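What follows is a set of notes on a single structure, which appears directly below.
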Number of protein chains: 2
Amino acid sequence: MNVQFKKGVLELCVLVLLDKQDRYGYELVQRISDRIAISEGSVYPLLRRLTKDGYFTTYLKESTEGPSRKYYKLTDEGRRYLDELLQEWETFTNGVNQLIEEGVNRE
Amino acid sequence: MNVQFKKGVLELCVLVLLDKQDRYGYELVQRISDRIAISEGSVYPLLRRLTKDGYFTTYLKESTEGPSRKYYKLTDEGRRYLDELLQEWETFTNGVNQLIEEGVNRE
DNA sequence: GATGAGTACTATACATTGTATAGTACTGTG
DNA sequence: CACAGTACTATACAATGTATAGTACTCATC
């Protein structure tokens, strides 16, 4: 899996998953890993950064399955940022796919 | 336009356009710029890198419109690499789009 | 001839964000 | 106690865009 493709996308993935419900870090890693090979080590700094930037708030919650979990919750600002990113992603991938069509089509 | 999304994609775009026909650097910049905002300054180092890596060969050709042009031509190795990248791009974007679906769908 | 615009390419410092790796801490089980 | 699974923290490094600055050529205009 091309590392460079992934840049910038990880935060989109995290924001999208949190749009649906609050989640803890490890769960986010697992959910994303179902679709894209990622390193655990990159998610936590990202979560910290996005929290610092005001897109999430966090709270601790006891777990019956292991240590307590740090949950992340999307803020309104986070939700707005997500909408932006979703649009950018769509515009961007459409642009790339159009280039691929142009390049691949042989007249 | 999110800079990080673009990482790794520029080389895919260049390879795809050269799959169709030989092109010179400036033309590649223009064609890609039609779809994605990119900086000219990033394309030339990329072209040099991919040439050094064996994916292109180059030749000079006189132009009637300005200075002579340095054309880039895809090698067989380049074509193979392109196929790889195309598959990776598809796998990757499908994975991201699936995550977006999951995250966005509210039950 | 000088100048400017457009064509065409080169070079470099820097910012950003993944990976890889190493580690910590908690809980339950054997 | 040791180990596995759960859950999180920290850091060095690689890679590749951007921004910026520049070079050189050709043609048109003054």
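The values are calculated or read from the model by the stated rules, or taken from the named source; none is laboratory data. Being a predicted model, the structure only gives us computed values, none of them experimental. So basically every Cβ, Gly included, is an ideal-geometry build from the backbone, and we count neighbours across all protein chains shown. We work out accessible area using only protein heavy atoms, side chains counted, and drop any ligands, DNA or RNA first. Shrake-Rupley method; radii C 1.70, N 1.55, O 1.52, S 1.80 Å.
When residues in the range B:61-78 are screened for being open to solvent by 30 Å² or more (accessible area, probe 1.4 Å) and within 13 Å of DNA strand D (Cβ to nearest atom), 9 of them pass. Residues that are out of contact with any strand residue (DSSP E or B) (no Cβ under 8 Å at 6 or more places or on another chain) and over 30 Å from A:Arg79 (Cβ atoms) number at least 3 in the following helices (runs of 4 or more DSSP H) confined to chain B: B:9-20, B:25-33, B:40-52, B:76-104. When the criteria are applied in full, B:Gly8 meets the requirement of being under 30 Å from A:Leu85 (Cα atoms) and either without any contact (Cβ under 8 Å) to a residue 40 or more places away in the chain or of a type in the set (D, E, K, R) (or both). When residues in the range B:25-60 are screened for being more than 13 Å from every other protein chain (Cβ to nearest Cβ), within 13 Å of DNA strand D (Cβ to nearest atom) and open to solvent by 20 Å² or more (accessible area, probe 1.4 Å), 11 of them pass. Summed over the range B:20-45, the residues that are under 12 Å from the mean Cα position of the chain (by Cα), closer than 18 Å to B:Lys7 by Cβ and near DNA strand C (Cβ under 10 Å from one of its atoms) give a count of 5.
Can you find a residue that is touching a residue at least 12 places away in the same chain (Cβ under 8 Å) and more than 8 Å from chain B (Cβ to nearest Cβ) anywhere in the range A:81-102? Yes, the range A:81-102 contains a residue that is touching a residue at least 12 places away in the same chain (Cβ under 8 Å) and more than 8 Å from chain B (Cβ to nearest Cβ).
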